[in-house]
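Below you'll find the structure, written out as C-alpha cells, and then a few comments.
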Amino acid sequence: MGARNQVVIPLLAIVGGYAGLNRTGLAGGSRKWEIGVMVERIRYSPEVRERAVQMVTEHREQYSSQWSAIQSIASKIGCSLETLRKWAVQSERDQGQCPGLTTEERARLKQLECENRELRRANEILRKASSYFAQAELDRRPQ
C-alpha cells in the first residue's frame with residue numbers, strides 16, 4: 001500500500017493521568033497527541049483511501065457489522081480505525097447514501113468561508129481608511 005512515516009516519541013512527563021505536553025525542542029508540523037506518545041500525522045494517498053473504502057464495502061457482508069469490517073481492514077492496511085471509519089462515511093455521503101456535505105460541497109464551503117474572511121478584512125480596512133480621511137478633512141478645514 002502506501003509508505004507510512006510515523007515517529008513515536010515518549011512524553012517526558014505524565015502527571016496525574018494527563019500527558020505532560022512538553023514540546024521543547026520539537027520541530028513544527030502537524031502532530032497528534034495520544035496518551036504517553038506523540039504520533040506524527042500520516043498522509044495517505046487518494047488511491048490508498050479509495051482502495052480501503054472499497055475493501056470495506058466489498059467485504060461488509062463477511063462481518064457482523066461495518067465496524068467489524070473496519071477493524072479488520074484498518075489493521076491490515078495500517079491506518080487507525082477512526083480514520084477508515086471517516087473515509088467510509090464520507091464515501092457514503094459522496095454517493096448520496098448518507099446525509100451530510102459531500103466532498104465537493106465541503107471544498108466549496110471552505111472556499112466561500114475564505115472569501116468571506118477576505119471580504120470582511122477588506123471592509124474593515126476601507127472603514128478605517130474612510131474614517132481616517134474624514135478626520136483628516138475635518139482637521140484641514142479652517143476654523
| request: Could you list, in sequence order, all residues of the stretch 46-59 that are among the charged types (D, E, K, R) and closer than 12 Å to Ser91 by Cβ? | output: Arg49, Glu50, Arg51
| Hey, among the residues in the stretch 50-82 that are among the hydroxyl-bearing types (Ser, Thr, Tyr) and in a helix (DSSP H, G or I), which one's nearest to the chain's Cα centre (by Cα)? | Ser75
| said: Between Ser45, Ser75, Ser130, Ser64, which is in contact (Cβ under 8 Å) with a residue 24 or more places away in the chain and polar (S, T, N, Q)? | reply: Ser45
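Only the coordinates and a few stated rules stand behind these numbers; no lab work does. None of the values given here were measured: they were computed from a predicted structure. Here the Cβ is made from the backbone with ideal geometry for all residues, glycine too, and neighbour counts use every protein chain on show.
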